[in-house]
Amino acid sequence: MEIPARSRRRLSAAFVVGLGTTLFFLAFLSPVIYPVDGLSMLAVAESLLTHGSLTVPKSLGMVGLGGLYYSKWYPLLSFLALPLVGLGMIFGHLMHLPPHFTAGAFAMILSPILVGATTGVVVMLASRLGASRRGSICAATGFAFGTVALALAREFFAEPLLALITAVTIYLELGSHRERSKVGFWTALAVLAKPTGVILGPILAVHAGLKDRSLKAIFPPLVGTAMGIVIYFAYNYIRFGDVLTFGQPVALALSNLPGGVAGMLASPGRGLMWYCPAVLALAGLSASSFKRLDVLLVASIALAYLGIYAVWHDWAGGWCWGPRYLLPALPGLMALCGLLGGASRKALITLTILGFLINAPTLVSYYERVYQEELVANEAPETTLWSLNQAPFLRVWGSMSREIGDARRTDVRLSVQHVGEPGNSEASWRTLRIVAVWWWMLPLARIPRAFGAAVSALLAITGLALIWWTWRESEADSDC
C-alpha cells in the first residue's frame, strides 16, 4: 500500500533527526564504562562470547548456582550488545590492546544509537498525537538535548533501552489495529530491559479496553508482559536457582512515596526540573488536552514510572546524573510538547537550550567524578540531595575542569591497565583523569588525537546540520 506524501515526510523527518542525533552523540562517545551496573552487563556479554556462560567476576555480581557469580542487573542490554562487544574484542586482538577495554568501548556505541532512535520515535509519536511537523521536531530535539538523555547517551545503562521500548510501545498503541497487534512483543521486551517495564502492559491494556470498548483488546499487552515475566523468571532460575531472585533487592515502601516524588521532581541532586528543564514546557499545554485518551495514556505511563521509583528504597539511584530512572518517561512527555505553539513553543526552545547547557559538561567528562570528590571530602552523595550549593549540575563544571587538567598530565596507558575494576580504588580514579571522549584514547592505537578530534567535529557538525536542515525544511510544510 502506498504511503501518503504527508506520512512520508514525517517518516523522513524522524529518520533524519534520529540519524543526526546519533551522529552527534557518537562524536562524544565515551571510551570507558565506569558504573558497576554497566560493567556487570558488559561482563555478561563478554562471558557469553568467550565462555558460552552467564558468569561474571565476583566483583561484578552475586553468588548463584554452583558457587559461581552472576550479574545482578538486566539481560536484554547484554544480549543486544553482543555484536558490538564481539567486534571490540576482535579489534583489541588486532591492535594489541586489552580486549576488555576495547569490548567496553565498542559496547558504548549502543547507547547513542538507542537515544538517537528514541529521538526519531519521538518525532513520529508527537505527530501521531497531533503535532505539526515542526512541533514534532521541536519535541524530539527537546528530548535529546534538553534532558538527561544528553548525559545518558554516554552511559551503558538499561534506561535508554527501556526509553526506546516505551516510546515505540506508545506509538504502536496509538496506531492502527495492525500496529497494535505488535504491542505484546514490545511489552515483553520492556520487562527484559528492566523489570519496572512491567508497568506498561496493564496501562496499555486499560487504554486498549477503553478505546475499543472490548475485553479482547486488553490481551495483547497483558500476554506480552506475562511472557516477559516468564522469560525473566527462567533467567533468574538459570542464575540463582530461584525464579524470584532478581539480584536487585525488591524493597518497596509506600512511606517513601512523598520523599521520592519530591526528590525526583524538585531536589537539586536529582530533580527533573533542574536536569530536564525542557519538560517544564508542558505547563503551556491546555488543561483540555488531558481529557484526550491518548494524552492520558502518555501521562499515566509517566506517572507510573514516577510512582514505582518513588517507593523504591533507593529512588535517588546512587551515583547517577539527575533523575536517571525517569528517562523512560521522557519520550512520551516530550512528544506532548510537540502540541505546543506560539509562545509556549518558544519557551520549549529556550528550555531546551538551558537543558543543554546544564548537561553539557557530561559530554567531555565523567559526572561520577563529582561523587568521587565528595567521598574524598567525606561527604556522602545521599546527604547532599537537597543542597543547592552541592548540586551536581553546579559542581560538575569544576570537576570537568579538574578532569581535563588531570588528563593533560596522565598517561592513557595507565587508564586501561585495570579497566573494569569497580569501587573507589586508584584504578577507578584513573578513569576519572581522562578527557572522556573516544579520541583521547587513540594514542593507544598509535593514532594522533588530532585525527580523532577532526572526525569527532565532523560527526557533530553533520549531525546538527541534518537536524537544522529538517527544521528549516519544515517551514514550507503545509501542516506547520
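The values are calculated or read from the model by the stated rules, or taken from the named source; none is laboratory data. Note that the structure is a prediction, hence the values are computed from the model and not measured. FYI the Cβ positions are ideal-geometry reconstructions off the backbone, even for glycines, and counts take in every protein chain you see. Just so you know, the surface numbers come from the protein's heavy atoms only, side chains and all, with ligands and any DNA or RNA stripped out. Shrake-Rupley method; radii C 1.70, N 1.55, O 1.52, S 1.80 Å.
From (1) under 21 Å from Gly104 (Cα atoms); (2) crowded, with 17+ Cβ neighbours inside 10 Å; (3) at pLDDT 80 or above, pick out the condition that doesn't hold for Ser428.
(3)
Quick check on Tyr305: is it among the aromatic types (Phe, Trp, Tyr), crowded, with 17+ Cβ neighbours inside 10 Å, at pLDDT 95 or above and more than 29 Å from Leu210 (Cα to Cα)?
no
Would you tally the residues in segment 150-172 being open to solvent by 10 Å² or more (accessible area, probe 1.4 Å) and in a helix (DSSP H, G or I)?
4
Can you list residue pairs whose Cβ atoms sit under 7 Å apart, with the first residue in segment 439-452 being more than 15 Å from Gly92 (Cβ to Cβ) and the second being open to solvent by 70 Å² or more (accessible area, probe 1.4 Å)? Count only pairs 6 or more apart in sequence or on different chains.
Trp439/Arg449; Trp440/Arg449; Pro443/Arg449
Taking the conditions exactly as written (hydrophobic (A, V, I, L, M, F, W, C) and surrounded by fewer than 24 Cβ atoms within 10 Å (Cβ to Cβ)), does Leu82 satisfy them or not?
In short, yes.
It is to be established whether one or more residues within segment 388-407 are at pLDDT 90 or above, part of a loop (DSSP other than H, G, I, E, B), surrounded by fewer than 13 Cβ atoms within 10 Å (Cβ to Cβ) and out of contact with any Lys or Arg (no Cβ under 9 Å at 6 or more places or on another chain).
yes
In the list Leu54, Leu87, Leu39, Leu29, which residue meets the criterion of being within 29 Å of Glu368 (Cα to Cα) and without any contact (Cβ under 8 Å) to a residue 24 or more places away in the chain?
Leu87
Condition (residue is farther than 30 Å from Leu254 by Cβ and either at pLDDT below 95 or among the basic types (Lys, Arg) (or both)) applied to segment 343-365: is it met by at least one residue?
Yes, there is a match, as at least one residue in segment 343-365 is farther than 30 Å from Leu254 by Cβ and either at pLDDT below 95 or among the basic types (Lys, Arg) (or both).
Pairs needed: first member in segment 238-258, part of a loop (DSSP other than H, G, I, E, B); second member anywhere, among the β-branched types (Val, Ile, Thr) and surrounded by 10 or more Cβ atoms within 10 Å (Cβ to Cβ); C-beta distance under 7 Å; at least 6 residues apart or different chains.
Going by the 7 Å Cβ cut-off, the qualifying pairs are Ala253/Val311.
Got a number for residues in segment 173-195 being open to solvent by 20 Å² or more (accessible area, probe 1.4 Å) and either touching a strand residue (DSSP E or B) at 6+ places or on another chain (Cβ under 8 Å) or farther than 19 Å from Val44 by Cα (or both)?
10
Residues being open to solvent by 10 Å² or more (accessible area, probe 1.4 Å) and modelled with pLDDT of 95 or more: count how many of those fall in segment 25-38.
Residues flagged as open to solvent by 10 Å² or more (accessible area, probe 1.4 Å) and modelled with pLDDT of 95 or more within segment 25-38 amount to 3.
For segment 277-288, give me the residue count where each residue is surrounded by fewer than 20 Cβ atoms within 10 Å (Cβ to Cβ) and either closer than 24 Å to Leu354 by Cβ or among the charged types (D, E, K, R) (or both).
Initial filter on segment 277-288 (surrounded by fewer than 20 Cβ atoms within 10 Å (Cβ to Cβ)): 280, 282-288.
Going one step further and asking which of them are either closer than 24 Å to Leu354 by Cβ or among the charged types (D, E, K, R) (or both), we end up with 280, 282-286.
Qualifying residue count for the region: 6.
So Leu414 clears everything in (1) assigned to a helix (DSSP H, G or I); (2) at pLDDT 90 or above; (3) open to solvent by 20 Å² or more (accessible area, probe 1.4 Å); (4) of a type in the set (A, V, I, L, M, F, W, C) except one condition, right? Which one?
So Leu414 meets the others, but not (2).
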